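Chemist: The following block contains the structure, expressed as structure tokens.
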Amino acid sequence: MTAGHADEVTAVPSATVRFWAGARQARGVDSEQTTHSTVGALRQFLGNDPAFSRLADIVSFLVDNQIAGDATPIPAGSVVDVLPPFAGG
């Protein structure tokens with residue numbers, strides 16, 4: 001294919017999102033790919049899912065095993081873990 005044709009496929013960098021425990025149950029999948037650039041954008045996207053909306057504001061995120069806030073970037077190739085609140089002591 002030559003550049004500029006409408007049928008040309010462009011690879012979009014993505015990251016893997018893994019769901020744990022109640023977050024997995026609410027989302028209905030173990031993992032999925034995302035092209036969202038920040039945790040906040042991913043949180044907003046997940047909140048649009050009626051089954052996940054009640055968890056969207058209370059789940060915790062890790063990006064490559066580091067605690068992540070809404071402003072945290074999601075680099076291509078990274079792993080984002082979505083963790084529901086845990087009870088315990």
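The values are calculated or read from the model by the stated rules, or taken from the named source; none is laboratory data. Everything quoted here is computed from the prediction, not taken from an experiment. Counting neighbours? That spans all protein chains shown, and the Cβs are built from the backbone with ideal geometry, glycine included.
Chemist: Any idea which of (1) of a type outside the set (Lys, Arg); (2) in contact with a helix residue (DSSP H, G or I) (Cβ under 6 Å, 6 or more places away or on another chain); (3) at pLDDT 95 or above is the one Pro84 doesn't satisfy?
Modeler: (3)
Chemist: Also, quick follow-up: State the number of residues belonging to the stretch 24-40 that are part of a helix (DSSP H, G or I) and either on the phi > 0 side of the Ramachandran plot or surrounded by 15 or more Cβ atoms within 10 Å (Cβ to Cβ) (or both).
Modeler: Of the stretch 24-40, the ones part of a helix (DSSP H, G or I) are 24-27, 39-40.
From what's left, either on the phi > 0 side of the Ramachandran plot or surrounded by 15 or more Cβ atoms within 10 Å (Cβ to Cβ) (or both): 24, 26-27, 39-40.
Counting residues in the stretch 24-40 that are part of a helix (DSSP H, G or I) and either on the phi > 0 side of the Ramachandran plot or surrounded by 15 or more Cβ atoms within 10 Å (Cβ to Cβ) (or both) gives 5.
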